[in-house]
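One structure is given below, encoded as structure tokens.
The values are calculated or read from the model by the stated rules, or taken from the named source; none is laboratory data. Note that the coordinates shown come from a computational prediction; the quantities given were computed from them, not determined experimentally. Positions of Cβ are backbone-derived with ideal geometry, glycine not excepted, and every protein chain shown enters the neighbour counts.
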Amino acid sequence: MTNDHLKKLLVYCMLCCTQKIIVQGAQTFQTKVALLRHVEPNNPKCFAEGIRDLTCFWEEDEERAGSAKQYSFIYTYQNENSSECNVTALPAAGGRILYFCRLSQTQLFVPLDIQVFRDGLLIHNRRLHIELFFLLDPPVNLTVKRTEKQGQLKASWMPPPLKYLDDSMMYEVSYVIAGTQMGQVEEVRASSEVILLGLQPGAKYSVRIRVKLDGVSYNGYWSAWTDPVLMATLPGDLDPLIVSLTLIISLILTLLSLTVLLSHRRFLLNKIWPVIPNPESKFQGLFTVYGGDFEEWLGYSAGGLCLRPAYFYSEELPAPLEVLSEVSLDLPSSPLPPKAKQAPGEDEKLKRIDSLMERWRETPHEHWLMDQLRVLHQLPGPQCSQLESQDAYVTLNAQNHSGEEPLDDILEETLPLQALFASGRTCSESHSDLGSLQQSSGSGRLSTQSSFEYPNHTWPPKGPGYTYMAVADSGVSMDYSPMSSSRIDYMGKGVIYTNEYRNEIPAHRQPIPFAF
Amino acid sequence: MGNRRAKGRNGEDPVRDYVDSDMEAPRLLTLLLMLLEWTRPGRASPLRPICDLRVLKHFIEEAKDAEAAMLTCKEGCGLPEPVTVPQTKVDFNVWERKNAPEQAKEVQSGLWLLSQAVGSLRGSVTDATLHSHIDNSLRNIFSIGQVLRSLNFQVFLRAPCQEYPPPGVGVSGAETWRVSSASELLQVHVNFLRGKVHLLLSNAAVCQQGGS
């Protein structure tokens, strides 16, 4: 029983192996038939898989095709008698029938004549040398390995196991970057390994190979490609040449940038680290002599502060306007309107003013004012205060406007404007710098000119009263504002007209409520 | 060689000794044998094995060129008479049953036949180009003999136009057949070199041992 079982098992294994071999053989045969169908134009298409076999086939349309028995395959070696091969039929693609004949014992290096008959009629005739029609199986055990060097792969394989043909085989190695068509094909003769050079570092390559005889003693067709084998090359190291060039270029750029920075170092320092302004130059002696004590420094230079009024005031304050004299030829001899609460010391001043008025009457010339000013300077005027300004003193007389609320007699704007510079002007000023007030009746226009024009005609009589106006000349505009309160009682209804001069006084006036 | 007696006291000629005359013959004979040994023809120094098959492949290519040139020839390129050429077919089942000496003998016999046949063709061809191809083929056949000798195959082919065939070569043996055209002759030449000669050289024992 045991022996029977063993025998049955052995037979079963053999059958399975045979079936597997047959299936593989069939697949191989179909592959080779498909390959030859495209490369061999003649019929019958023949190929030798080894040194002892030959397979020839042809195809017929199903319409014209007959059974295999209708066909005769006759082959004749040179100087020998003819022989016949049994024809076999298989279904082919496209509704065609494949007829083939396989010879298991062949002679090489001698001409072979092949004739195919169908029902006695010759349909195919061909002469060939079997050793020139090899179609081998693809190489097996294709192995791809990395070498120690970059950009290289070593491929090795097992050649087809055919005796006498080892030194006549040539191989074609195809290697492409996986997923792309970028690759090359390299030919190898009489060797079963090759080192692929010039590969991209760190790239995955797909390598495949096929075999063919070299055509000297044997020849044939290219075999089918093997299954591709994937292998990645070693990652690339930094090329020393590239590294050196990069270092040199970076060094050159660094030197250039340093040169530029050094040539513009002052400009860059000022931009990045600007120098803190030191006002020491403006305050001479403040830090060197007084050690930064500003009060002491102020006291030392009190006399000279008159020279620097601008450092303390951003804008010029209005200076009090004091009428120093009146110009009118028709001035009554009556004394000036009484002043309330006049101090005794002011009597002399009034007397002096009267005298000045008389002089005006006597010498109505342009330079009479200069003379008057000189006289005024002789008077003990107000102390030169720190708040001395260069403003012009202007007196405005009240004026009756038609259509407007009657004004107090004090406001006589029809009277000419009289501008007198305040006493105690700085010595740096020149007396030529006298204010100029163009006379205009009722318009009250004033120009910012600093020249003084004094008309030759007589001044209109002064009104019963007049008010003090502070004039601040900033060089752009002249601001007039009421200042003195000693004449309040003369204001009457208290309407005071003020004019702001921006190069030109606007025609209309905006009466402001009188308020102190 | 015997002692010579010096001249007599009175200067008389010495009488030659019988022993000296007997010794001269062996001397001469020895000298003669030495000379013959040195001048004996055909005894060459052992050659280095030529295992590189590129030499044979070069010869095969030149034989193909000669065959291709003969196909274009129309006049003045025929054999004066049919010649005997070796069989070129190789049945590996039969070939492998032969041992190396038998294979070598078959190859050298075929080379001799080819040399004779190509030699006769050389005399009938008038075309200059074909003439050069034929001369080249003859030289290549002789060179193959040298290669066989280097592989320790006993070769009896000493000259391209040796008059007497090597031993064992029959005029009408099974391994021969007759051709009547120059193109057939050169085709046989090509097939013989590609087949049997190549098989013999590629499987030489000397080359297998040295690891070619």
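Please work out if B:Phe142 is within 14 Å of chain A (Cβ to nearest Cβ), in a helix (DSSP H, G or I) and over 22 Å from A:Tyr77 (Cα atoms).
So B:Phe142 does not fit the description; no.
State whether the residues of region A:121-131 include one that is surrounded by fewer than 14 Cβ atoms within 10 Å (Cβ to Cβ), within 14 Å of chain B (Cβ to nearest Cβ) and modelled with pLDDT under 95.
No, because not a single residue in region A:121-131 is surrounded by fewer than 14 Cβ atoms within 10 Å (Cβ to Cβ), within 14 Å of chain B (Cβ to nearest Cβ) and modelled with pLDDT under 95.
Filter region A:4-49 down to the residues that are without any contact (Cβ under 8 Å) to a residue 24 or more places away in the chain and among the basic types (Lys, Arg), then identify the one that is surrounded by the most Cβ atoms within 10 Å (Cβ to Cβ).
Residue satisfying both the conditions and the ranking: A:Lys45.
Can you confirm whether region A:182-189 contains a residue that is farther than 25 Å from A:Leu213 by Cα and either at pLDDT 95 or above or under 59 Å from the mean Cα position of the chain (by Cα) (or both)?
yes
Could we say that A:Gly66 is surrounded by fewer than 17 Cβ atoms within 10 Å (Cβ to Cβ), assigned to a helix (DSSP H, G or I), more than 14 Å from chain B (Cβ to nearest Cβ) and not acidic (Asp, Glu) here?
No, not satisfied.
Checking the conditions here, which among B:Leu199, B:Leu185 is part of a helix (DSSP H, G or I) and either at the interface with chain A (Cβ under 9 Å from one of its Cβ atoms) or modelled with pLDDT under 60 (or both)?
Result: B:Leu199 is the single residue among B:Leu199, B:Leu185 that is part of a helix (DSSP H, G or I) and either at the interface with chain A (Cβ under 9 Å from one of its Cβ atoms) or modelled with pLDDT under 60 (or both).
Being out of contact with any Gly (no Cβ under 9 Å at 6 or more places or on another chain) and of a type in the set (D, E, K, R) is the filter; apply it to region A:91-120 and report the residue that is farthest from the other protein chains (Cβ to nearest Cβ).
Among them, the one singled out is A:Arg96.
Does region A:202-215 contain at least one residue that is exposed (fewer than 15 other Cβ atoms within 10 Å of the Cβ) and away from chain B (no Cβ under 14 Å)?
Scanning region A:202-215, I find at least one residue that is exposed (fewer than 15 other Cβ atoms within 10 Å of the Cβ) and away from chain B (no Cβ under 14 Å), so the answer is yes.
For region A:25-45, indicate whether the set of residues that are within 14 Å of chain B (Cβ to nearest Cβ), in a strand (DSSP E or B) and over 60 Å from the mean Cα position of the chain (by Cα) is non-empty.
There is no residue in region A:25-45 that is within 14 Å of chain B (Cβ to nearest Cβ), in a strand (DSSP E or B) and over 60 Å from the mean Cα position of the chain (by Cα).
Which residues, counting only those in region A:50-63, are within 14 Å of another protein chain (Cβ to nearest Cβ) and assigned to a loop (DSSP other than H, G, I, E, B)?
In the first step, residues of region A:50-63 are kept if they are within 14 Å of another protein chain (Cβ to nearest Cβ); the result is A:50-54.
A:Gly50, A:Ile51, A:Arg52, A:Asp53 - these are the residues of region A:50-63 that are within 14 Å of another protein chain (Cβ to nearest Cβ) and assigned to a loop (DSSP other than H, G, I, E, B).
Take A:Phe57 and decide whether it is under 30 Å from B:Gln87 (Cβ atoms), in contact with a Gly (Cβ under 8 Å, 6 or more places away or on another chain) and at pLDDT 95 or above.
No, not satisfied.
Condition first: over 20 Å from A:Ala65 (Cα atoms) and either touching a Cys at 6+ places or on another chain (Cβ under 7 Å) or surrounded by fewer than 19 Cβ atoms within 10 Å (Cβ to Cβ) (or both). Now tell me which residues in region A:94-113 satisfy that.
Step one: list which residues in region A:94-113 are over 20 Å from A:Ala65 (Cα atoms), which gives A:103-113.
Residues satisfying the conditions are A:Leu103, A:Ser104, A:Gln105, A:Pro111, A:Asp113.
Going by the structure shown, is A:Leu234 outside any strand (DSSP E or B), within 30 Å of A:Leu196 (Cβ to Cβ) and modelled with pLDDT of 85 or more?
Against the criterion (outside any strand (DSSP E or B), within 30 Å of A:Leu196 (Cβ to Cβ) and modelled with pLDDT of 85 or more), A:Leu234 qualifies.
At least 1 residues that are loosely packed, with under 14 Cβ neighbours inside 10 Å, in contact (Cβ under 8 Å) with a residue 24 or more places away in the chain and more than 14 Å from chain B (Cβ to nearest Cβ) in each: list the strands (runs of 3 or more DSSP E) lying fully within region A:141-197 that qualify.
Numbers: elements: A:153-158, A:169-177, A:183-189, A:193-196.
Ranges flagged: A:153-158, A:193-196.
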